[in-house]
Amino acid sequence: MPTHTTNVTILTKATSAYKSWHGLLEDIPRLTRYTLGEKIDGLFTETVELILIASYTQRREKLAVIQKATQKLDSLKFFLQIAWELKALNNKKYMELSNPLTEVGKMLGGWRKQAEQFIQPARDKQTSLPKQ
């Protein structure tokens with residue numbers, strides 16, 4: 001189980017990336033801002049929200065929330081790449097966003113592994129119980 005500090009670090013990094021995105025939003029061409037930009041903004045806020053929820057979720061249910069956060073993060077990175085390919089984001093802005101999101105992904109992966117380790121011993125106990 002990650003320490004509270006680890007949870008805060010993941011949340012802080014994700015929030016910081018969102019703040020960078022929010023600062024860049026004005027510079028995105030209007031057509032893209034109100035289509036793809038809104039999609040990206042929604043995925044950003046959903047990802048941050050799921051990380052926050054995961055930090056307060058019971059151990060038994062944490063894995064499912066972490067997996068949802070990872071899925072949202074992967075979608076977010078995909079749509080950011082599309083924005084970059086459409087030239088709505090230049091290389092510098094794209095890297096400014098994608099680098100911290102890659103770190104968040106790695107941190108979520110570590111958190112997921114720890115959650116799986118918690119669940120696996122519980123499953124082992126259930127399967128090793130004597131039948132009555």
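The values are calculated or read from the model by the stated rules, or taken from the named source; none is laboratory data. From a predicted model like this one, the values you see are computed outputs, not experimental measurements. As a convention, Cβ positions derive from the backbone with ideal geometry for all residues, glycine included, and neighbour counts pool all protein chains shown.
Residues in region 35-47 include none that are touching an Asp or Glu at 6+ places or on another chain (Cβ under 8 Å) and either of a type outside the set (Ser, Thr, Tyr) or modelled with pLDDT of 95 or more (or both). Residues of region 50-92 that are within 28 Å of residue 119 (Cα to Cα), β-branched (Val, Ile, Thr) and touching a residue at least 12 places away in the same chain (Cβ under 8 Å): 51, 53, 65, 66, 70.
For region 114-126, indicate whether the set of residues that are surrounded by 18 or more Cβ atoms within 10 Å (Cβ to Cβ), at pLDDT 95 or above and either more than 17 Å from the chain's Cα centre (by Cα) or not aromatic (Phe, Trp, Tyr) (or both) is non-empty. Checked region 114-126: no residue is surrounded by 18 or more Cβ atoms within 10 Å (Cβ to Cβ), at pLDDT 95 or above and either more than 17 Å from the chain's Cα centre (by Cα) or not aromatic (Phe, Trp, Tyr) (or both). State whether the residues of region 77-100 include one that is surrounded by 16 or more Cβ atoms within 10 Å (Cβ to Cβ), part of a helix (DSSP H, G or I), within 10 Å of the chain's Cα centre (by Cα) and not aliphatic (A, V, I, L, M). Within region 77-100, one or more residues are surrounded by 16 or more Cβ atoms within 10 Å (Cβ to Cβ), part of a helix (DSSP H, G or I), within 10 Å of the chain's Cα centre (by Cα) and not aliphatic (A, V, I, L, M). The residue of region 23-51 that is surrounded by the fewest Cβ atoms within 10 Å (Cβ to Cβ), among those that are within 19 Å of the chain's Cα centre (by Cα) and among the charged types (D, E, K, R), is 38.
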